[in-house]
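Participant: Structure incoming, see below.
Derivation of every value follows stated rules applied to the coordinates shown; laboratory data play no part. Keep in mind that this is a model prediction, so the values were computed, not measured. Backbone-built Cβ (ideal geometry, glycine too); neighbour counts: all protein chains shown.
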């Protein structure tokens, strides 16, 4: 296969990232791999979809762990993306300050689909699931009780109605545990200030605080609506919050541990599956607290390094193998 990876930038790439692991896995399986950023698209007058991209060094030709160093030093060349079999979108929209380049990238990726290129995840699906609003598509029993609003009075009423139970408030489109607050209905002196801070970013999602949060959360990788696993070993990690914090995000200081997947969590994934498949969300990171889904990561779900370490299995290789079958099917349909 000819595989292209769309990323935010080259310099932030690290060997431990899921994107790097997927590229390495594809190269090991002898696929041709190219990488380009959200600022590298080129659309000539012919209407073809082009990009200035860099070739991923073939694994068997260089020493291990030198791929990214060589990749970053390459100057790149113009390629015709319509001749590719697969485009992996591995971006974070929050890292595009004005979102223009990222939004344009999704539009152009959608045009690639018209040329018969398989794009994962589907650009249209990524737009639908770009914020935590997408959670509301799932049955209420598998997600926390929530309110999405920007109105301060409505949010304060929701918090008050929780009685003695705390509420978590955060930006509807936030990432990496940034600006996530736990509010107590009694000690409410700073509620106005916190809500005003969040209002500056747009809409707010308020969720009931789940007591199981003290034990961290669980990131589960879901492929085509099913938990990614091999011989009972699951592509999942348990993330523990640092002392004095309730956030488990690794970027916020959380630590990764092996995860246990409960029967209720498996049922929740089954209940989410029809919507994920209908919308074309091939690869999703579902974050659980207890047995409830609190967030989805649809752009660039991570956690593979620790999941593979705990399971002693290459889940990234398994994903590339799954895309091989999808590309074959896509070619038959086109």
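Participant: Indicate the gyration tensor shape class of region 179-227 (rounded, prolate or oblate), computed on the Cα atoms with a ≥ b ≥ c the square roots of the eigenvalues: a/c under 1.5 is rounded; otherwise a/b larger than b/c is prolate and the rest oblate.
Facilitator: Taking the square roots of the gyration eigenvalues as a ≥ b ≥ c, region 179-227 is oblate.
Participant: Along its three principal axes, how long is region 54-150 when you only count alpha carbons? Whole Å, largest extent first please.
Facilitator: Rounded to whole Å, the extents work out to 53, 32, 27 Å.
Participant: Percent relative contact order of the chain, based on C-alpha pairs within less than 8 angstrom and at least six residues apart?
Facilitator: 18
Participant: How large is log10 of I(q)/I(0) for the chain at q = 0.08, 0.15 Å⁻¹ when the intensity is taken from the Debye formula with one equal scatterer per alpha-carbon?
Facilitator: -0.40, -1.29
Participant: Please determine, in degrees from 0 to 90 and to the nearest 10, the orientation of helix 152-161 with respect to the longest principal axis defined by the Cα atoms of the chain, where the helix direction is its Cα long axis.
Facilitator: It is inclined by approximately 70 degrees.
Participant: State whether region 137-209 is rounded, prolate or oblate according to the following rule on the C-alpha gyration tensor (a ≥ b ≥ c being the square roots of its eigenvalues): a/c under 1.5 gives rounded; otherwise a/b larger than b/c gives prolate, and the remaining case gives oblate.
Facilitator: Because a/c hits 1.5 or more and a/b fails to exceed b/c, region 137-209 counts as oblate.
Participant: On the Cα set of region 212-318, report Rg and Dmax in Å, please.
Facilitator: In order Rg, Dmax, the Cα atoms of region 212-318 give 13.1, 40 Å.
Participant: Please give the length that would be gained between residue 309 and residue 331 if that part of the chain were fully extended, namely 0.36 nm times their separation in residues minus their C-alpha to C-alpha distance (nm, one decimal). Don't jump to the answer; show the numbers that get you there.
Facilitator: Details: separation 22, 0.36 × 22 = 7.92 nm, distance 3.44 nm.
Gain on stretching residue 309 to residue 331: 4.5 nm.
Participant: At residue 318 and residue 133, where each label point lies 7 Å from the Cα along Cα→Cβ, what is the point-to-point distance in nanometres?
Facilitator: Taking the two extended label points, one gets 3.4 nm.
Participant: Pull out the extension gain between residue 271 and residue 73, defined as 0.36 nm times the separation in residues minus the alpha carbon to alpha carbon distance; nm, one decimal. Don't skip to the answer; put the middle values down first.
Facilitator: Working: separation 198, 0.36 × 198 = 71.28 nm, distance 4.56 nm.
Working it through step by step, the gained length comes to 66.7 nm.
Participant: Compute the separation of the alpha-carbon centres of region 1-75 and region 200-240 and state it in Å as a whole number.
Facilitator: 28
Participant: Kindly express, to the nearest 10 degrees and within the range 0 to 90, the angle between helix 263-279's C-alpha long axis and the longest C-alpha principal axis of the chain.
Facilitator: With rounding to tens, the tilt is 60 degrees.
Participant: Translational D (Stokes-Einstein, µm²/s) of region 2-123 at 37 °C and 0.692 mPa s when Rh comes from the Kirkwood sum over C-alpha pairs?
Facilitator: Numbers: Rh = 14.6 Å.
Answer from the Stokes-Einstein relation: 225 µm²/s.
Participant: Multiply the residue separation of residue 52 and residue 255 by 0.36 nm, subtract the distance between their alpha-carbon atoms, and state the gained length in nm to one decimal.
Facilitator: Working: separation 203, 0.36 × 203 = 73.08 nm, distance 3.71 nm.
That works out to 69.4 nm of additional length.
Participant: Before rounding to the nearest 500, sum -39500 (n - 2.57) across all DSSP H runs of length at least 4 in the chain and divide by the residue total; then give [θ] at 222 nm in deg cm²/dmol.
Facilitator: The helix-only estimate for the chain comes to -9500 deg cm²/dmol at 222 nm.
Participant: How are the Cα pair distances of region 264-313 distributed, in percent, across 10 Å bins from 0?
Facilitator: All Cα pairs, binned at 10 Å, distribute as 22, 48, 29, 1 percent.
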